[in-house]
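Notes follow once the structure below has been shown.
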Amino acid sequence: MAMSDRLLAAWYDGHPALRLLQPLEWLYRRVVTAKRKRFLAGEGDIYQPPVPLVVVGNITVGGTGKTPLILWMIQHCQRSGLRVGVVSRGYGAKPPQLPWRVEADQSADVAGDEPLLIVQRTGVPLMIDPDRSSAVKALLASEPLDLILSDDGMQHYRLARDLELVLIDAARGLGNQRCLPAGPLREPVERLQSVDAVLYNGASEDRDSGFAFQLQPTELVNLRSGERRPLDHFPPGQALHAVAGIGNPQRFFTTLETLHWQPVPHAFADHAEYSVQALNFTPSLPLVMTEKDAVKCRAFAAADWWYLAVDAAPSPAFVAWFDTQLMRLLPARLLP
């Protein structure tokens, strides 16, 4: 097990040795708390976009299902005729310049895996830049928009926002509820009291503290041919190699098990780079990976490589709440 995996396990299992990191945690908490206080006081160079901006992020390290929910939000807004844009840090991307507009025919090396997936799925204008304020300005200069979604950026306080949505993995929760490096929290747990909504990925029903949403598998897509097959393409009990380079690979492996397949798990680091050699597993079995991983593997995919397409399914209560927020933030003439 890699050092990062051991640390992640310790955060969520509450290993007592993490107490030794408490002095560093206190220092980290002071820094992030002071940073937020400056933002609330309006100090420093804070950019207020001329259109509403919604941040979709988390306060924990690791994957919480942001990308599927952002895809749902984009498509939901597009059905209402809204012009939506997205900004992202573009983790792992190596564009020739910043800010950089992601196009569907670019490589994941240039665009980043998650931004490329979003553009290929929805066609929205999307700009990457670690400086999200710069990304928003470039996006608005390129075309008119009604609404901007920020993929993560919860702690990017130089960018003002109109809504903050925080995602939490319902199974893992907040771990030991300690801040980095003694725990998985980017900000103290009290930060949840100031956000507009909390969503629990994997929860079966809404909670007093937030809304439920789930990731629903929809189909299998062949990496090489683009052929789409229903989930019964593989019979119950089918053994297959399962590849996941996401924040919480076990969630993907568990999903495959709920589909009654027998995955041989291969967990990679989040945003991992792949090669034919890295995915040359034995014995010879069909291979299924996440859609996020697939955008990096199409160029060298074998004939029996597939990705599992999933859609976010938020609770009806969240859908109603989100529509209410759109009505509040947007001029009435933009909404049906």
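The values are calculated or read from the model by the stated rules, or taken from the named source; none is laboratory data. It should be emphasised that the depicted structure is a prediction, and the values quoted were computed from it without experimental measurement. Cβ placement follows ideal geometry from the backbone for every residue including glycine, while neighbour counts extend to all protein chains displayed.
Taken together, the residues in region 239-272 that are of a type in the set (Asp, Glu) and in contact (Cβ under 8 Å) with a residue 40 or more places away in the chain amount to 1.
With the structure loaded, tell me whether Ser80 is modelled with pLDDT under 95 and either surrounded by 23 or more Cβ atoms within 10 Å (Cβ to Cβ) or within 23 Å of Phe322 (Cβ to Cβ) (or both) or whether it fails that test.
Details: modelled with pLDDT under 95: yes; either surrounded by 23 or more Cβ atoms within 10 Å (Cβ to Cβ) or within 23 Å of Phe322 (Cβ to Cβ) (or both): yes.
Answer is yes for this residue.
Any idea which residue in region 196-223 is surrounded by the fewest Cβ atoms within 10 Å (Cβ to Cβ), counting only those that are touching a residue at least 40 places away in the same chain (Cβ under 8 Å) and assigned to a loop (DSSP other than H, G, I, E, B)? Per the stated criteria, the residue is Glu205. Taken together, the criteria place Gly247 among residues that are part of a loop (DSSP other than H, G, I, E, B) and in contact with a Ser or Thr (Cβ under 8 Å, 6 or more places away or on another chain). For the criterion of being in the same structural domain as Lys94 (by TED's automatic domain parsing), at negative phi and part of a strand (DSSP E or B), Val288 fails. Screening region 122-139 for residues that are of a type in the set (Gly, Ala, Ser) and not in a loop (DSSP other than H, G, I, E, B) and picking the one that is surrounded by the fewest Cβ atoms within 10 Å (Cβ to Cβ) gives Ser134.
Could you run through region 305-336 and say how many residues are part of a loop (DSSP other than H, G, I, E, B) and in contact (Cβ under 8 Å) with a residue 60 or more places away in the chain? Before the answer, list the steps.
Taking region 305-336 and keeping what is part of a loop (DSSP other than H, G, I, E, B), we get 315, 330-331, 335-336.
Checking which are in contact (Cβ under 8 Å) with a residue 60 or more places away in the chain leaves us with 315, 330, 335-336.
Going through region 305-336 one residue at a time, the tally reaches 4.
Being within 22 Å of Ala160 (Cβ to Cβ) and buried (at least 19 other Cβ atoms within 10 Å of the Cβ) holds for only one residue in Val102, Val119, Val31, Val86, and it is Val86.
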